Amino acid sequence: MAKLFLGLDCSTQSLSVIVIDHDSRQIVYNNSLNFDQALPHYGTQNGTLRGNDPLVVHSPPLMWVEALDTLFAQMKKDDVPLGQLLAISGSGQQHGSVYLNSCAPVALARLNATKPLAENLRGVFSRATSPVWRDSSTGAECVEIRDALGGLEATAQTTGSDAFERFTGPQIRKFYKTEPDGYAKTANIALVSSFMASIIAGKMAPIDHGDGAGMNLMDIRKRVWHPKALKATAPQLRKKLPSLAPSSKVIGNISSYFVKRYGFNPNAKALVWSGDNPCSVIGLGLIKEGTLAISLGTSDTLFGYMRRCRVDERGEGHVFGAPTGDYMTLICFRNGSPARERVRDMYHLDWRGFNQALVSAPPGNCGAIILPWFEAEIVPRVNRPGIHRFDLDPNDVAANCRAVVEAQMMSMRIHSQWMKVAPKQIYATGGASTNTAILQIMADVFDSPVLRIEVAKSAALGAALRAAHGLLAHSGKKLRWRNVVAGFTNPLPDSEVRPNATSARVYGQLVEKYATREREAIKEE
Ligand code: XUL
């Protein structure tokens, strides 16, 4: 009989689902519900609500609740064998927080299957909207928390990351400072991941070590709530947080709500959820050191598995728990696709023209460099946008196109040094990973082969694989992660781009010049 596992991904813009048959290594169902389109009555744009302050970005948590009902109803209609599912887990956008009143645990335990979930849970929120990872309105709170923890390096050593605006601790502190009554009425604070897991399990779910690390509240090495960080954030916070747990923990059986309403297997196990990045690490098969993933999207992210905890003392990168029980790293570069597009548009090119220009300039660009901070940058921290050119003629189309991509790759190489993991191979994902001219520069700058891998649903797939692993662990069986992910996480055939030895040597030198120019530009800011 098929061994079916379900993985959900509650991301910024959509709720996605994947069902896998772990025995035959097949994805047997996948679907996605776009919040703006499927649930327009919540008034979101790209899944979020915007007000007057551009730094404030929230989402309505009730929308995620309704999305779950809508997606499960669709699965029932599509004849997905819900009665055969063995276990369910999920992935949530990281950092987002949900504020619940004291009625929530009872409401979750007594979900009435004759009513929609949204009707069951309408009254459980002590804050109608949830700040999400795109929110950057907590600059003052980051300073306060960082100071209380002894500065940038100490904060990173303690929690795995410096205090960041989107992280949950600074967000909780802002809520406490600006809406003290709302904070006082909050009995439980959940992450998007643990909130959704609570609905599936019908009780308040723990936060896993992967997503817990994105809060500036967890001791990254001991994996417990850090008393000093809690104190620096808000009073009475410990009482409002759930317990922390490994990502493989079984919370219990699925709530009878889903059994009665959709015909789920009553013995299906509900597992702890994790953040989308920890889930993607599994969904991409990054289960040992040596393979890094680089996602080229709106922002470019570089992430991978790390066996021993090493933090970035400069406070630029993040360390989270990995679902394997080890660690993962993540660095987020804001000037990704938009920077490439800005240069393309500056010279009135389409992507073909951009690529032709790119390859017509030599690797290393004869020493020409651009620092492409079209927007304020996260890594390195640059608060004011600015374009800096060195030995680069602004009228030289080819050199400017090449310079922006070389800059992005060199910056990734420089700012990932602290991981002390020389990649043996890189998995490239995201929109721009279809561009082989860009991948060649990546391969040459990192002096590593680059392979393309489909990422569209890596978080949901990672969640389903975690469900498979968790259920086996729960029943006392030990399955190596290598065997859990086998057959699901292969790079695309014939997609390998190999580094060119001569170009790699050129970049070995240019990277020094880039690092110096970058340091000088930051000093002048
Ligand atoms: C990671 C981060 C984003 C969100 C996206 O720190 O903020 O990758 O997890 O959903």
What relative contact order, as a whole-number percentage, does segment 4-279 give when Cα pairs under 8 Å and 6 or more residues apart are counted? 21 percent
Using R₀ = 41 Å, calculate the FRET efficiency as 1/(1 + (r/R₀)^6) where r is the Cβ-Cβ separation of ARG342 and LEU492; round to 0.05. 0.90
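Scale the Cα Rg of segment 1-154 by the rule-of-thumb value 2.2 N^0.38 Å and send over the ratio, two decimals. Kindly include the intermediate steps, with their values, before the conclusion.
Numbers: Rg = 18.5 Å, N = 154, 2.2 N^0.38 = 14.9 Å.
Dividing the Cα radius of gyration by 2.2 N^0.38 Å gives 1.24.
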Excluding ligands, DNA and RNA, the carbon-plus-sulfur percentage of the accessible area of the chain with a 1.4 Å probe reads 49 percent
Along the charge dipole of the chain, which of LEU217, ALA201, LEU492 sits closest to the positive end, that is, farthest toward it, with unit charges on the beta carbon of Lys, Arg, Asp and Glu (+1, +1, -1, -1)? ALA201
How large is ³J(HN,Hα), in whole Hz, for each residue of segment 322-335 in order, when computed from phi with the Karplus curve 6.51 cos²θ - 1.76 cosθ + 1.60 and θ = phi - 60°, using x for Gly and Pro? 9, x, 6, x, 9, 10, 9, 10, 8, 10, 10, 10, 6, 7
Scan around HIS388 for amide H atoms under 5 Å from its own, H built in the peptide plane at 1.01 Å from N, and keep only partners 5 or more places away or cross-chain. LEU371, TRP373
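Work out the FRET efficiency for ASN34 and TRP351 from their Cβ-Cβ distance, taking R0 = 22 Å, and round it to the nearest 0.05. Display every interim value, and only then the final one.
Numbers: r = 25 Å, r/R0 = 1.15.
It comes out at approximately 0.30.
For the chain, what does the helix formula give at 222 nm: sum of -39500 (n - 2.57) over DSSP H segments with n ≥ 4, over the residue count, nearest 500 deg cm²/dmol?
-11000 deg cm²/dmol
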What residues have an amide H closer than 5 Å to that of GLY430, excluding those fewer than 5 places away on the same chain, when H is modeled at 1.01 Å from N in the peptide plane? LEU296, VAL455
With 30 Å as the limit, write out which pairs from LYS77/LYS115; LYS77/LYS240; LYS174/LYS288 have Cα-Cα distances beyond it, or answer none. LYS77/LYS240; LYS174/LYS288
Once segment 4-279 is represented by equal point scatterers at the alpha-carbon sites, with solvent omitted, what log10 I(q)/I(0) does the Debye formula produce at q = 0.09, 0.13 Å⁻¹? -0.39, -0.82
For the chain, find the longest principal axis of its Cα atoms and tell me its angle to the long axis of helix 61-77, 0 to 90°, nearest 10. 80 degrees
Counting only residues 5 or more apart in sequence or on a different chain, those whose built amide H sits under 5 Å from that of ALA368 are none
Which of rounded, prolate, oblate describes segment 219-341, given a ≥ b ≥ c as roots of the alpha-carbon gyration tensor eigenvalues and a/c under 1.5 marking rounded, otherwise prolate only if a/b is larger than b/c? oblate
Residue-wise, which Karplus ³J(HN,Hα) couplings in Hz belong to segment 381-386, taking 6.51 cos²θ - 1.76 cosθ + 1.60, θ = phi - 60°, and x for glycine or proline? 5, 10, 7, 10, x, x
Can you bin every Cα-Cα distance in segment 337-446 into 5 Å intervals starting at zero and give me the percent of pairs per bin, rounded to whole numbers? 2, 11, 23, 24, 21, 13, 4, 1, 0
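Looking at segment 64-141, which trypsin sites (Lys or Arg not before Pro) are DSSP coil and have at most 16 other C-beta atoms within 10 Å of their C-beta? Kindly include the intermediate steps, with their values, before the conclusion.
On the way: sites: LYS76, LYS77, ARG110, ARG122, ARG127, ARG134; in loops: ARG110, ARG127, ARG134.
Qualifying residues, ordered by number: ARG110.
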Between ARG519 and ILE27, what is the FRET efficiency for a Förster distance of 45 Å, r being their Cβ-Cβ separation, to the nearest 0.05? 0.45
With the 1.4 Å probe rolled over protein heavy atoms, the chain has an accessible area per residue in Å² of 39 Å²
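Roughly how many debye, to the nearest 20, is the charge dipole of segment 4-279 about its Cα centre, given +1 on each Lys and Arg Cβ, -1 on each Asp and Glu Cβ, and no other charges?
Working: 28 positive and 23 negative charges, 184 e Å.
Approximately 880 debye in magnitude.
In the chain, what is the volume of the convex hull around the alpha carbon atoms, normalised per residue and reported in Å³?
On the way: hull volume 75.7 nm³, N = 525.
Spread over its residues, the Cα hull of the chain gives 144 Å³ apiece.
In debye to the nearest 20, how big a dipole does the chain give about its Cα centre with +1 on each Lys and Arg Cβ and -1 on each Asp and Glu Cβ? Display every interim value, and only then the final one.
Working: 59 positive and 48 negative charges, 396 e Å.
My answer is approximately 1900 debye.
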The chain: angle of helix 397-415 to the longest principal axis, Cα-based, in degrees nearest 10: 60 degrees
Charge-dipole axis of segment 4-279 as Lys and Arg at +1 and Asp and Glu at -1 on Cβ define it, positive-most pick from MET75, PHE264, CYS142: PHE264
Rounded to whole Hz, the Karplus (6.51, -1.76, 1.60) HN-Hα couplings of segment 41-51, x for glycine and proline: 5, 8, x, 8, 10, 6, x, 10, 9, 10, x
Only Lys, Arg, Asp and Glu count, each charged at its Cβ (+1, +1, -1, -1), so figure out the dipole size of segment 61-202 about its Cα centre, rounded to 20 debye. 380 debye
In Å², nearest 10: area of HIS95 left accessible to a 1.4 Å probe: 10 Å²
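Once you have the Cα-Cα distance between VAL143 and ASN267, take 0.36 nm times their residue separation minus that, and quote the gain in nm to one decimal.
39.9 nm
With a ≥ b ≥ c taken as the square roots of the eigenvalues of the C-alpha gyration tensor of segment 173-233, please select rounded if a/c is under 1.5 and otherwise prolate if a/b is larger than b/c or oblate if it is not? Let's see the in-between values first.
Values: a/c = 2.39, a/b = 1.07, b/c = 2.22.
Cα axes put segment 173-233 in the oblate bin.
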Scattering profile of segment 391-525 at q = 0.10, 0.17 Å⁻¹ [log10 I(q)/I(0), Debye over alpha-carbon scatterers]: -0.48, -1.01
Tensor-based shape of segment 199-255 (alpha-carbon gyration tensor, a/c under 1.5 rounded, otherwise prolate or oblate): oblate
Over the chain, calculate the relative contact order: mean separation of alpha carbon pairs under 8 Å at least 6 apart, over the residue count, as a percent. 15 percent
Segment 357-420 - Debye-derived log10 I(q)/I(0), Cα point model, q = 0.16, 0.17, 0.23 Å⁻¹: -0.54, -0.61, -0.96
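The values are calculated or read from the model by the stated rules, or taken from the named source; none is laboratory data. Predicted, not measured: the structure shown is a model, and the values here were computed from it. Please note: Cβ atoms are built from the backbone with ideal geometry, for glycine as well, and neighbour counts cover all protein chains shown. Accessible surface areas use protein heavy atoms only, side chains included; no ligands, DNA or RNA. Shrake-Rupley method; radii C 1.70, N 1.55, O 1.52, S 1.80 Å.
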